[in-house]
Amino acid sequence: MNGDKVFKNILLLSLSVLILLVATVLILLFSNSFATIGKFGLSNLVNKVWNPIEGEYGVLPFLIGTLITSFLSLLISLPFSITIALFLGEYFKTGFLNSFVKSAVELLAGIPSLIYGFWGLFVVVPLVRQLQTFLGIEPYGVGLFTASIILAIMIIPYSASLGQEIIKLIPTDLKEAGFALGATRYEVIRTIIIPYSFSGLMAGVILSLGRALGETMAVTMVIGNSNNLPTSLFAPANTMASLIANEFNEASGEVYLSSLIEIGLILFIVTSIINYIGKLIIKKFAPHSN
């Protein structure tokens, strides 16, 4: 009985610390961005111009850049993540091939973002430049599309690892029942494995999306760092995180610094909203809700 009470107290303490930490971060961001919020209100959210010299601090280009790179990278990574999850969770659950692919995926998750940035500059940027030349587009090489490719590679391990663990938890009886009824492996995957593990796969997607939204260094190196509103998927742009990384040390003046912190606050809020929507989707499609 005493052990249960101690364990309960530890859980309550941990929960209290977590809530305090989140509240502290939110209060810190809000208090330090109050100078900008008090001066411009919410107009910065729809302002397209970022020009600290002229006193304009429009957030819209960076908000759009963040959302485009995050969701585009998610679309690019999704087929690979699901394929790897099925490969490890259904086809090769054990053995040398499973260990090799799993180790490779874990290695991708552990590579520093700076290394991804260098790899993007020397490998992906020249390839994208060739593609742009072929399509008759001005060959910048850097831009939203390049950043999305790098982000896609970076977030694959998160959704793939969680996905394969969820697929392994599917009761064997369900799959055997499908085979007993004459279903092929593809039909079992399509009608049993994917629907049953959908909520878990979505959880991996939300986890990887959260990583994509906040990624900084790799994106900063390949996105082009343009403060203009992007006009195409190949155009140079900026995300909220990359803008803060580029300009925080150079920010002079209370409003300039406050504007950068406000962008951090907006990024915090956007990430929270997307995570909440993701949880609603997971809850809606969870097996027990049907």
Suppose R0 equals 22 Å; then what is the FRET efficiency for T83 and I115 from their Cβ-Cβ distance, rounded to the nearest 0.05?
-> 0.35
Roughly how many debye, to the nearest 20, is the charge dipole of the chain about its Cα centre, given +1 on each Lys and Arg Cβ, -1 on each Asp and Glu Cβ, and no other charges?
-> 780 debye
Per DSSP H run of n ≥ 4, the term is -39500 (n - 2.57); total these for the chain, divide by its residue number, and report the mean residue ellipticity at 222 nm rounded to 500 deg cm²/dmol.
-> -22500 deg cm²/dmol
Counting only C-alpha contacts under 8 Å and six or more residues apart, can you give the relative contact order of region 138-249 as a whole percent?
-> 42 percent
Residue-wise, which Karplus ³J(HN,Hα) couplings in Hz belong to region 237-253, taking 6.51 cos²θ - 1.76 cosθ + 1.60, θ = phi - 60°, and x for glycine or proline?
-> 7, 8, 9, 5, 5, 5, 4, 4, 5, 6, 10, 4, 5, 9, 5, 10, x
Vicinal HN-Hα couplings computed from phi for region 258-275 (Karplus, 6.51 cos²θ - 1.76 cosθ + 1.60; Hz; Gly/Pro x) = 5, 5, 5, 5, 4, 4, x, 5, 5, 4, 4, 5, 4, 4, 5, 5, 5, 5
Dipole magnitude of region 210-290, debye to nearest 20 (Cβ charges: Lys/Arg +1, Asp/Glu -1, about Cα centre) = 640 debye
For the chain, what is the relative contact order in percent, using Cα pairs closer than 8 Å and at least 6 residues apart in sequence?
-> 27 percent
State, to one decimal in nm, how far the label point of K39 lies from the label point of S272, with both points 7 Å from Cα in the Cβ direction.
-> 2.5 nm
Theoretical gain in end-to-end length, L127 to E254 [0.36 nm per residue, Cα-Cα removed] | 41.5 nm
Name the trypsin sites (Lys or Arg not before Pro) in region 35-136 that are in a loop by DSSP and that have at most 15 other C-beta atoms within 10 Å, would you?
-> K48, K93
Amide H partners (placed H, <5 Å) of Y57, local residues excluded | N51
Taking N as the number of residues in region 166-290, the ratio of its alpha carbon radius of gyration to 2.2 N^0.38 Å works out to 1.57
So what J values fall out for region 137-142 if you push phi through Karplus, 6.51 cos²θ - 1.76 cosθ + 1.60 with θ = phi - 60°, rounded to Hz, Gly and Pro as x?
-> 9, 4, x, 5, x, 7
Distance (nanometres) between label positions extended 7 Å along Cα→Cβ at V101 and F198 | 2.4 nm
Computed over the chain, the distribution of all Cα-Cα distances in 5 Å bins, rounded to whole %, is 1, 5, 10, 12, 13, 13, 13, 11, 8, 6, 4, 2, 1, 0, 0
Can you give the accessible area of T216, probe radius 1.4 Å, in Å² rounded to 10?
-> 40 Å²
Return the FRET efficiency for the residue pair L26, F179: r is the Cβ-Cβ distance, R0 is 35 Å, and the value is rounded to the nearest 0.05.
-> 0.10
In terms of the Cα gyration tensor, with a ≥ b ≥ c the square roots of its eigenvalues, is region 119-184 rounded because a/c is under 1.5, prolate because a/b exceeds b/c, or oblate?
-> prolate
Ignoring ligands and nucleic acids, what accessible area does F248 show with a 1.4 Å probe (Å², nearest 10)?
-> 90 Å²
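The values are calculated or read from the model by the stated rules, or taken from the named source; none is laboratory data. Everything numeric in this text was worked out from a predicted model, so none of it was measured. We place every Cβ from the backbone using ideal geometry, glycine too, and count neighbours over all the protein chains shown. When the accessible area is computed, the model is the full protein with side chains, heavy atoms only, and any ligands, DNA or RNA have been set aside. Shrake-Rupley method; radii C 1.70, N 1.55, O 1.52, S 1.80 Å.
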